[in-house]
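The values are calculated or read from the model by the stated rules, or taken from the named source; none is laboratory data. Nothing here was measured: the structure is a model prediction, and the numbers come from that model. Using ideal geometry, Cβ is built from the backbone for each residue, glycine included, and neighbour counts are taken over all protein chains shown. Accessible surface is based on the protein model in full, side chains and every heavy atom, while ligands, DNA and RNA are left aside. Shrake-Rupley method; radii C 1.70, N 1.55, O 1.52, S 1.80 Å.
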Amino acid sequence: MIIAIDGPAGSGKSTIAKLVAERLNFTYIDTGAMYRAFALKVKRLGIDPEDQIQVVSLIENTDIKIEGDKVFLDGEDVSQFIRTEEIGNIASKIARYPQVRKFMVKMQRQIGIKAKNAVIEGRDAGTVIFPDADLKIFMTASPQVRAERRVQQLKEKGFLVDYNHILQKIIERDKMDYERKESPLRPTEDYIVIDTTGKSIEEVLDYIINNLIYKK
Ligand code: DC
């Protein structure tokens, strides 16, 4: 069984996807972490994310693996370096390139098929990676609420952050993710859309589990 959870940055999809996977004892697949790991490589090598030719030729020589919560870039555990706003922004830029997406989608499908039972989260989990997913959830919330959550998350990790800056970045990233030509972030009619503004984690979690029981 495959559960796809998609949505914009800060919609709460990672928190929920992890909890759903835990509750059902499913494999959790964070596809954003893979784009972020590749973005880190682009940054480290000083490549301009707007330079499509260089970025695309780099992906062909890149190895990305995920294991639970950890992501490996060319064999190195880079999990602790990928959660910054800067990397999120570079990830969003390089995720526009069809060749990059093709590479990622191929790996993500393999991971999902191997896992058999998986919760896969991202932007295109239920549209491109697994269009036949058993349950498709689209999580959303207002940009202001998402910015507040991001600020909280980053603070907990010890980063000093400014709310207005984060809000601006979220709006920028939404624009790139929603408006790109290749696999834009958009729920099809077979998604259950959940607006998490004002909802607790428990409420959202129970709602998803109930939908799953109903589907079965
Ligand atoms: O979910 P996240 O914030 O970790 O994702 C980082 C960026 O990666 C996001 O802004 C767009 C891109 N991404 C994507 O295009 N497709 C996915 N399935 C996951 C992430």
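Given Cβ point charges of +1 (Lys, Arg) and -1 (Asp, Glu) and nothing else, what value in debye, to the nearest 20, does the dipole of the chain about its Cα centre take? Working shown, then result.
Working: 34 positive and 33 negative charges, 40 e Å.
The dipole of the chain has a size of about 200 debye.
Can you list the aspartates and glutamates whose alpha carbon sits under 18 Å from that of residue 136, skipping same-chain ones fewer than 8 residues off?
Qualifying aspartates and glutamates at Cα under 18 Å: 6, 22, 30, 121, 124, 189, 190, 195, 203, 206.
Take residue 207, project a point 7 Å from its Cα along the Cβ direction, then tell me which residues of the range 10-39 have their backbone nitrogen under 20 Å from it.
Only 10-24 fall inside the zone, counting backbone N under 20 Å.
With point charges of +1 on the Cβ of Lys and Arg and -1 on the Cβ of Asp and Glu, referenced to the Cα centre of the chain, which listed residue (56, 164, 46) lies farthest in the positive direction of the dipole?
The Cα lying farthest towards the positive end belongs to 56.
Please identify, among 108, 168, 99, the residue showing maximal mean-square fluctuation in a Gaussian network model of the chain using a 10 angstrom Cα cutoff.
168
Remind me, relative contact order of the chain in percent, using alpha carbon pairs under 8 angstrom and six or more residues apart?
Rounded, it is 32 percent for the chain.
Please get the size of the charge dipole for the range 136-216, origin at its Cα centre, with Cβ charges of +1 on Lys and Arg and -1 on Asp and Glu, quoted in debye to the nearest 20. Walk me through the numbers on the way to the answer.
Numbers: 15 positive and 14 negative charges, 43 e Å.
In total the dipole reaches around 200 debye.
Let a ≥ b ≥ c be the square roots of the eigenvalues of the Cα gyration tensor of the range 81-216; is it rounded (a/c under 1.5), or, if not, prolate (a/b larger than b/c) or oblate?
Cα axes put the range 81-216 in the oblate bin.
Equivalent-ellipsoid semi-axes (√(5λ), Cα gyration tensor) for the range 123-176, whole Å, largest first?
Values: eigenvalues 155, 33, 19 Å².
Rounded to whole Å, the semi-axes are 28, 13, 10.
About the Cα centre of the range 1-77, how large is the charge dipole given +1 on each Lys and Arg Cβ and -1 on each Asp and Glu Cβ? Please answer in debye to the nearest 20.
Numbers: 9 positive and 13 negative charges, 65 e Å.
Once rounded to the nearest 20, the dipole reads 320 debye.
Strictly over 29 Å apart at the Cα level, which of 13/155; 41/102; 13/93; 175/199; 106/199; 13/43 would you flag in this model? Walk me through the intermediate numbers first.
Numbers: 13/155 19 Å; 41/102 18 Å; 13/93 20 Å; 175/199 24 Å; 106/199 34 Å; 13/43 26 Å.
Going by Cα-Cα distance, 106/199 fall outside the 29 Å limit.
Using amide H atoms built 1.01 Å from N in the peptide plane, name the residues 5+ places from residue 139, or on other chains, whose amide H lies under 5 Å from its own.
6, 7, 194
Find the relative contact order for the range 90-198 and round it to a whole percent, using C-alpha pairs within less than 8 Å whose residues are 6+ positions apart. Before the final figure, lay out the partial values.
Working: 87 pairs, mean separation 39.9, N = 109.
The normalised contact order for the range 90-198 reaches 37 percent.
Of the heavy-atom accessible surface of the range 38-93 (probe 1.4 angstrom), what whole percent is carbon and sulfur?
Working: 1410 of 2900 Å².
Carbon and sulfur together cover 48 percent of it.
Got a sec? What order do 53, 201, 82 fall in by accessible area at 1.4 Å, biggest, i.e. largest, first? Present the calculation step by step, with values, prior to reporting the outcome.
Numbers: 53 140, 201 90, 82 0 Å².
So, going from the largest accessible area down, we get 53, 201, 82.
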